[in-house]
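I have placed the structure first, in the form of structure tokens, so that the comments after it can refer back to it.
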Amino acid sequence: MLILRNPLLVAFEAVVRQRTTHAAAKELGITQTAVTQRIKALEEQLAMTLFLRSRKGMQLTPDGEALLQFCNGSRELEGQFIGRTQGNNRQEVSLTLVGPTSAIATRIADDVKPLYEKYSFLRLHLRSDDHSDRIELVRRGDADFAVVSPEQVPNEMDSKLLKPDRYLLVASHKWKGRRLTEILEAERVIDFYESDQTTEDYLRGFGMKAAKSRIFVNENEALIRMFIAGVGFGTLTESVADPHLKNGSLISLNRGQTMQSPLALAWYPRPQKAAYFSDLLKAIR
């Protein structure tokens, strides 16, 4: 059955019906942890307590009763909408995929292009996010898929290994001819944000270390402009760096050697996969 409403509200209604998060998880075909996370997220977003937890199960608070009335009205409107559109085969299905900017911008956006034409009803939203806990976004119902490192995929989720990102160490064309040892001693590393260890991991992998403190630029185009201007050096994926290497505005350091960073696509198991869902999993590589 097509559901258009917020997945947090869907989890709320399931708990109301089943009285426990365990039973609600069975009904929805997701884990108990996912249901608990969605109820917690809903309570945080609304700034209210929706359930009283007791041995008798989950009891609605007055705020919870008010929300249930809203959900009942929302469900009725949903039914009216589907009833009006079903005959014309114009039902919409909305899915959100969250991943790092490098993967979304240079790979996944191209991978999924054919799906928009094949499934006109599919509303697939691609979300770049280099800061959030992307697995947590799936748990909370804010995303349906997440691109993460394979070790981040929890046991409760299904996953698929993707092609690894390949990182290059790059710098301004103005630095052409300089020795890498000199650059490491004299120039700053520019990373996305403080917890971004990509450049450090790259250098460590080749037995190197930068001497100066790092600076941070957490927007891809701005980061590249800083590299081109000679403010510092750092890592970019091959696909992001390639056009700038070809036009001569950037050079690759360390003889163009790359570091591989494995990636995986993670999602909650589905008892039945619709054709568009299966094709989406196949398309993302």
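The values are calculated or read from the model by the stated rules, or taken from the named source; none is laboratory data. What you are looking at is a predicted structure, and each value in this text was computed from that prediction instead of being measured. Methodologically, a virtual Cβ is constructed for each residue, glycine included, from the backbone with ideal geometry; neighbour enumeration extends over all protein chains shown.
Inspect the stretch 198-212 for any residue being under 30 Å from residue 145 (Cα atoms), not polar (S, T, N, Q) and not in a helix (DSSP H, G or I) and give the result as yes or no.
Looking through the stretch 198-212, none of the residues is under 30 Å from residue 145 (Cα atoms), not polar (S, T, N, Q) and not in a helix (DSSP H, G or I).
How do the pairs read when you match residues in the stretch 108-123 that are surrounded by 11 or more Cβ atoms within 10 Å (Cβ to Cβ) with residues anywhere that are of a type in the set (Phe, Trp, Tyr), using Cβ under 6 Å and keeping only pairs 6 or more apart or on different chains?
As it stands, the answer is 119/276; 122/276, since those pairs meet every condition given.
Restricting the search to the stretch 259-275, which residues are under 18 Å from residue 96 (Cβ atoms) and modelled with pLDDT of 90 or more?
Within the stretch 259-275, 263, 264, 265, 266, 267 qualify.
Pick from the stretch 195-232 the residues that are of a type outside the set (A, V, I, L, M) and in contact with a Leu (Cβ under 7 Å, 6 or more places away or on another chain): which of them is surrounded by the fewest Cβ atoms within 10 Å (Cβ to Cβ)?
Across the stretch 195-232, the extreme among qualifying residues is 209.
Pick from the stretch 162-194 the residues that are surrounded by 15 or more Cβ atoms within 10 Å (Cβ to Cβ) and under 15 Å from residue 211 (Cα atoms): which of them is nearest to the chain's Cα centre (by Cα)?
191
Can you tell me which condition residue 203 does not meet? The list is (1) touching a Lys or Arg at 6+ places or on another chain (Cβ under 7 Å); (2) under 26 Å from residue 285 (Cα atoms), and all the others hold.
Of everything listed in (1) touching a Lys or Arg at 6+ places or on another chain (Cβ under 7 Å); (2) under 26 Å from residue 285 (Cα atoms), residue 203 misses just condition (2).
Can you find even one residue in the stretch 251-266 that is more than 29 Å from the chain's Cα centre (by Cα), touching a residue at least 60 places away in the same chain (Cβ under 8 Å) and part of a loop (DSSP other than H, G, I, E, B)?
yes
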